[in-house]
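Here, each number is a calculation from the coordinates, and none is a lab measurement. Bear in mind that the values here come from a model prediction, so they are computed numbers and not experimental data. Cβ sites come from the backbone with ideal geometry, for glycine too, and all protein chains shown count toward neighbours.
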Amino acid sequence: MNIIASAPEGLEKYLAKEVADLGGFKINTYKRSVSFKCDYATFFRVHFFSRIAFRFYREVASFPCYDKQSLYEGVRDSFEWLKWLPSHKTFNVQVTGRTSNLNHSHFTALEVKNSITDLQKSAWNLRSNISLDKPDFIIHLHLNNNKAVISLQSSLDSLHKRGYRPAVGNAPLKENLASGLLKITQWNGTQPLIDIMCGSGTLLIEAVNQILEVPLNTNQVYLFENWLDFNKDIYLDEKYKAKTKIINYKKLAPIIGCEINRKVFDEAAVNISLAGLENYIELINDDFSTLKCSFSKGLILCNPPYGKKLGNENELIGLYEAIGNFLKINFSGWEFWLLSGNPKLTKYLKMKSSLKIPVSNGGIDCRWIKYLIR
């Protein structure tokens, strides 16, 4: 199978490594996506163990596409729709990209839908219904350089939704982005990890799950179960392996989260409990300035307000100054990683960075910045 995986911007090479480790091959990285080839077992496996991918798409057809007519005919003739899509199954169409003559995604999606349903009607005098909420198939069309690529989306929901987080704060960090950021730090569980403003606990939960290699999304119903060549035996085998995987609940170094807001602290506690990690993560309902730690080395994380979605920029200057002063006084020798969406504010840390990695967080251009605290 030819597969495309979507990823948070800035984490493409980490997703490529993840896919390779799980059995994918002929891997190529692009902006916000990775393409690869794989067999059925690997395809199912990546759904249970990829921590960075948003979605997987299976490429099923491609054709030259310049205008409305070439789109209509190309969709109709390039794939065995009558075998794959019976009239009692629902679908919807999603479109990315454009050509000079096809630059309105809604119109383009409508033309794809018409091509498929007209074909069904001519063969059976019946046609599939469109479902926006719970379709049996999601057909994805990508247009670029007068070429169309048709793919089938493998899941209804984005795979970043792990299921442990019904409670989120006002500006939540997506789980797959959190996991990718942690991969960048190369934290291995042997040194303490502290999130000084942990919010709903996402970075902490992803950190532990990553080290323990806990499988994900094993209880989802997937759209690929509707595909003509869906191999149920291989799927159930991979699912069984994931669900019965022996988790090495090894002892980790202390993992601590500070959250001053009581409501958000309670949300974090719920999320950590739902993830089954309450024995690994210590939550402190207090300001980070009260924190003490006897270890000489470790990792400190922070995703503070940027003054974009939360907080006023001028009001946040004091916060960034306080973070910098606190770390330099109490945590010399530690590593500090900060997700910054506002370079004007990070200068108030008065710390020299050793690495800046561009990433996108909810559409905000950010930097994942490493500091060596001195």
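Which residue, Leu181, Gly201, Thr90, has the largest displacement toward the positive end of the dipole of the chain when charges sit on each Cβ (Lys, Arg +1; Asp, Glu -1)? Comparing the listed Cα positions along the dipole, Leu181 ranks first. By the equivalent-ellipsoid construction on the alpha carbon gyration tensor, segment 1-96 comes out with semi-axes of 28, 16, 12 Å, ordered largest to smallest. Modelled label positions at Lys68 and Leu156, each set 7 Å beyond Cα in the direction of Cβ, lie 3.4 nm from each other. Through the Karplus equation 6.51 cos²θ - 1.76 cosθ + 1.60, θ set to phi - 60°, convert the phi angles of segment 347-360 into ³J(HN,Hα) values in whole Hz; use x for Gly and Pro. Those phi angles translate into 5, 6, 5, 6, 10, 9, 7, 10, 7, 10, 10, x, 9, 10 Hz. Its Cα centre serving as origin, the chain has a Cβ charge dipole (Lys and Arg +1, Asp and Glu -1) of approximately 720 debye. If exposed means no more than 14 neighbouring beta carbons inside 10 Å and the site is in a DSSP loop, what's the longest run of the chain without any exposed GluC sites (Glu not before Pro)? Of all site-free stretches, the longest is 81-212. When only alpha carbons are used to place a centre, segment 14-28 and segment 328-372 end up 28 Å from one another. Taking volume of the Cα convex hull per residue in Å³ as calculated from this structure, the corresponding entry among (1) 124; (2) 158; (3) 147 is (3).
In this structure, the pairs whose alpha-carbon distance is over 27 Å, taken from Lys113/Lys174; Lys241/Lys370; Lys13/Lys350; Lys26/Lys183; Lys263/Lys356, are Lys113/Lys174; Lys241/Lys370; Lys13/Lys350; Lys263/Lys356.
Selection among Pro215, Pro358, Gly74 by position relative to the dipole of the chain gives Pro358 as farthest towards the positive end (Cβ unit charges, Cα centre). Listing Cys65, Cys293, Cys258 from fewest to most neighbouring C-beta atoms within 10 Å gives Cys293, Cys258, Cys65.
Considering segment 126-167 at the alpha-carbon level, its Rg and Dmax are found to be 14.6, 44 Å. What is the Cα centroid distance between segment 217-286 and segment 86-161, reported in whole angstrom? So the two Cα centres are separated by 32 Å.
In this calculation the C-beta distance from Tyr240 to Ile329 is compared with R0 = 41 Å, giving a FRET efficiency of 0.20.
Overall, segment 2-153 carries a charge dipole of about 180 debye about its Cα centre when +1 sits on the Cβ of Lys and Arg and -1 on the Cβ of Asp and Glu, all other atoms neutral.
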